[in-house]
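Reading through the structure tokens given below for one structure.
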Amino acid sequence: MARDQGLLVDLQSFASRESWASSPATRAVMRGNRSRDTRPERILRSAVYALGLRYRVAFPPMSGLRRTADMVFTRAKVAVFVDGCYWHGCPEHYRPARKNSDFWKKKIESNQERDRQTQALLQEEGWSVIRVWEHEDVDVAAARIAETVRNRGDVSIPTPENRERLD
């Protein structure tokens, strides 16, 4: 059953084909990494939700854009990306890989270039882009998101001043 689901790797076939992974174990670990609903994303979403904001999850901010933001506030045109320190090359926490270092260097650089392209495309269309590093304080990041959404004119967001009117 595990083999049918692709959970087991045949070591002989692994050695014969070309793979970016340095070993079957590395390949299995990397395949297990989530592309959405990561722990930092879930924690940030919870904090933003607690502030009364509602958003779309893993949603393309613009039609025709084959990239999704982690949280999208469509009315306010705010896209939030939660960036992992390793995957996006955090200047504070990123440590280069020791094995297969050329591959990983190119991978991280291409992630950063894609991030820059996405941000530029969205900003050209009037979107505000917020990037949150996974190590950032969740409450500070949530407050920054809430302030940006409110400042962009989404009046459906509760504030201390309008909370009674919206209830």
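With respect to (1) more than 20 Å from ASN151 (Cβ to Cβ); (2) free of Cβ contacts under 8 Å to residues at least 60 places away in the same chain, the lone exception for GLN119 is condition (1).
Residue-wise test of (1) more than 21 Å from ASP137 (Cβ to Cβ); (2) of a type outside the set (A, V, I, L, M); (3) exposed (fewer than 15 other Cβ atoms within 10 Å of the Cβ).
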{"site": "TYR55", "(1), (2), (3)": "no, yes, no"}
{"site": "PRO61", "(1), (2), (3)": "yes, yes, no"}
{"site": "THR68", "(1), (2), (3)": "yes, yes, no"}
{"site": "ALA79", "(1), (2), (3)": "no, no, no"}
{"site": "HIS88", "(1), (2), (3)": "no, yes, no"}
{"site": "PRO91", "(1), (2), (3)": "no, yes, yes"}
{"site": "SER101", "(1), (2), (3)": "yes, yes, yes"}
{"site": "TRP104", "(1), (2), (3)": "yes, yes, no"}
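Of all residues in the range 80-119, how many are in a helix (DSSP H, G or I) and either on the phi > 0 side of the Ramachandran plot or among the hydrophobic types (A, V, I, L, M, F, W, C) (or both)? Residues in the range 80-119 being in a helix (DSSP H, G or I) and either on the phi > 0 side of the Ramachandran plot or among the hydrophobic types (A, V, I, L, M, F, W, C) (or both): 3 in total. For the range 40-63, taking the residues that are in contact with a Ser or Thr (Cβ under 7 Å, 6 or more places away or on another chain) and assigned to a strand (DSSP E or B), the one that is farthest from ALA120 (Cα to Cα) is identified as ARG56. Here ARG95 clears all of (1) charged (D, E, K, R); (2) in contact with a strand residue (DSSP E or B) (Cβ under 8 Å, 6 or more places away or on another chain); (3) open to solvent by 80 Å² or more (accessible area, probe 1.4 Å) except the condition numbered (2).
The values are calculated or read from the model by the stated rules, or taken from the named source; none is laboratory data. These figures come from a predicted structure and were not determined experimentally. Using ideal geometry, Cβ is built from the backbone for each residue, glycine included, and neighbour counts are taken over all protein chains shown. For accessibility, only protein heavy atoms count, side chains too; no ligands or nucleic acids. Shrake-Rupley method; radii C 1.70, N 1.55, O 1.52, S 1.80 Å.
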